[in-house]
Amino acid sequence: MSPVTPIYMVDLSEIVHGPEKDTFRQYGDEENPIAQRVRRTYFEMHRRQTVEYVLGQHNKWLKFDKAELTIMEALEVLNNIIDESDPDTDLPNIVHAFQTAERIREKHPDKPWFQLTGLLHDLGKIMAFFTEPHWAVCGDTFPVGCLPDRNIVFGVESFSENPDLSNPAFNTQLGMYSENCGLDNLLMSWGHDEYMYQVLKYNQCILPKEALDIIRFHSFYPWHDSNAYQFLMREEDAETLKWVKEFNQFDLYSKSEVVPDIESLKIYYQQLIDIYCPGKIKF
């Protein structure tokens, strides 16, 4: 990739579900520009994320012809994503990646795959450097093709302009799915989670299924935080839920930690990358 201009991005899920979530619940303040941007972004997301749109994004992005980078090179690109939601810090996204990985390493020293998952989980945000709008990169995810759940941030009313709600094939609880079809069979709204999951699969990285599922569903908050969409789960998805919940505590609450010495940590994490995701990765 050519040199990139820094992108300022509000971390939507962090605001809605992180340590300041109680403050967020009062985000009706018209004088709070971050609050208003969060609202506008989610309403735009919920208007535009349709079955047709998501399938179009699959066609666009799953050619994996945008860039070829090592994992470390891709992480360096995240140096150019600055979290605009916290006025007290201008730390780039790569810091959050290493903070998350290190917190996992502290509690799970015997699970190198889990540690690496923490490092990789937001890498799909690289899409932002290819002119993708923020509502198609970050924020909570949900399955398209069925009635949105009331636990989705800003509620069902935020989908009022989504054309799928007028389509009888999609506007029922099950929509285009069958009961207990399993999470693997869902068409998820498009964002960095789904993209990075697909990147890792395409490049035949040897991370275990638990890692891939964490990356794919870590922003599926209505499911793992509010117990929505249980009727779509099959028995084995309970194991996925366990791992996503375990991961979530390290993801949401890592940004207040001391900034790690990234350069010294690169040696350790490069060893993990060489095991699970070696060489150039096609994005």
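Quick notes on this structure:
- With both labels modelled 7 Å from their Cα along Cα-to-Cβ, the Leu165 to Arg37 distance reads 2.6 nm.
- Couplings for region 221-236, taken from phi via the Karplus curve 6.51 cos²θ - 1.76 cosθ + 1.60 with θ = phi - 60°, read 5, x, 7, 7, 10, 10, 6, 7, 6, 4, 5, 9, 7, 10, 4, 5 Hz in order; Gly and Pro are left as x.
- Label point distance in nm, Arg47-Asp110, each placed 7 Å from Cα along Cα→Cβ: 5.2
- Span from the region 164-243 Cα centroid across to the region 116-148 one, whole angstrom: 13
- Note on Lys209 and Cys181: with the Förster distance fixed at 25 Å, the Cβ-Cβ geometry gives a FRET efficiency of about 0.90.
- Residue-level accessible surface for Lys63, protein heavy atoms, 1.4 Å, Å²: 110
- Residue-count net charge about Glu76 - beta-carbon cut-off 15 Å; Lys, Arg +1, Asp, Glu -1: -1
The values are calculated or read from the model by the stated rules, or taken from the named source; none is laboratory data. This structure is a prediction, so every number in the text was calculated from the model and none was measured. Neighbour counts are summed over all protein chains in view; Cβ atoms, including those assigned to glycine, are modelled from backbone coordinates with ideal geometry. The area values use the complete protein model at the heavy-atom level, side chains included, leaving out ligands, DNA and RNA. Shrake-Rupley method; radii C 1.70, N 1.55, O 1.52, S 1.80 Å.
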